[in-house]
Amino acid sequence: MKSNQISLRSRSYNEKEKYFHFHKTHDEMVYVLKGSGQMLIDGKWIDVKPGIFHFNPMNRVHATKNTGKEHLVIFSIFTPSMKEPDRYFVDMK
């Protein structure tokens, strides 16, 4: 696999923040490394913990929130490789 085909990112959530968003030109794969939380999947909040893997296809609204007492740490893989910002926020009150 060529290095320009994927991008790797790690993110830590320390608050109850949740940002509803989607990616127009990238698929995102998420692996939970540490902590507990929830991910918005197909319009429903699903509990996640270390070892959970989830695929977010492009153009599907998703979000992640921390529900535990420690940081929620995730590892994201984007394909194709992200060369420009591709996060579009959605208001879902």
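The values are calculated or read from the model by the stated rules, or taken from the named source; none is laboratory data. For clarity, every value in this text was computed on a predicted model and none was experimentally measured. All accessible areas refer to the heavy atoms of the entire protein, side chains included, with ligands and DNA or RNA removed. Shrake-Rupley method; radii C 1.70, N 1.55, O 1.52, S 1.80 Å.
Some points to look at:
- For the chain, carbon and sulfur atoms together expose 55% of the accessible surface, with a 1.4 angstrom probe and every protein chain in place.
- Remark on Asn56: its backbone amide H falls under 5 Å from those of Glu28, Met29, Val30, a criterion applied only to residues 5 or more positions apart or on other chains, H modelled at 1.01 Å from N.
- Candidate values [x] 16, 16, 12; [y] 21, 16, 11; [z] 34, 15, 12, label of the one derived for semi-axes √(5λ) of the Cα gyration tensor in Å: [y]
- Amide H contacts of Thr67 (H built 1.01 Å from N, in plane; Pro and chain starts excluded): Ser36, Gly37, Gln38 sit under 5 Å, all sequence-distant by 5 or more or on other chains.
- Sequentially through region 49-59, phi angles give Karplus couplings (6.51, -1.76, 1.60; θ = phi - 60°) of 8, x, x, 7, 10, 9, 10, 10, x, 4, 6 Hz, Gly and Pro residues having no value and appearing as x.
- Measuring nothing but how far apart in sequence close Cα pairs (under 8 Å, 6+ apart) lie, relative to its length, region 9-64 scores a relative contact order of 44 percent.
- Our estimate of slack between Lys34 and Arg87, defined as 0.36 nm per intervening residue step minus the Cα-Cα distance, is 16.7 nm.
- Under the Karplus curve 6.51 cos²θ - 1.76 cosθ + 1.60, θ = phi - 60°, whole-Hz ³J(HN,Hα) for region 70-83, x wherever Gly or Pro sits: 10, 4, 9, 10, 10, 10, 10, 10, 10, 9, x, 3, 7, 9
- Here the gap between Lys69 and Ile52, fully extended at 0.36 nm per residue and compared with their Cα-Cα distance, gives a gain of 4.3 nm.
- Listed values for region 64-69 are Karplus-derived 3J(HN,Hα) couplings in whole Hz (6.51 cos²θ - 1.76 cosθ + 1.60, θ = phi - 60°), namely 9, 9, 7, 10, x, 8, and x replaces Gly and Pro.
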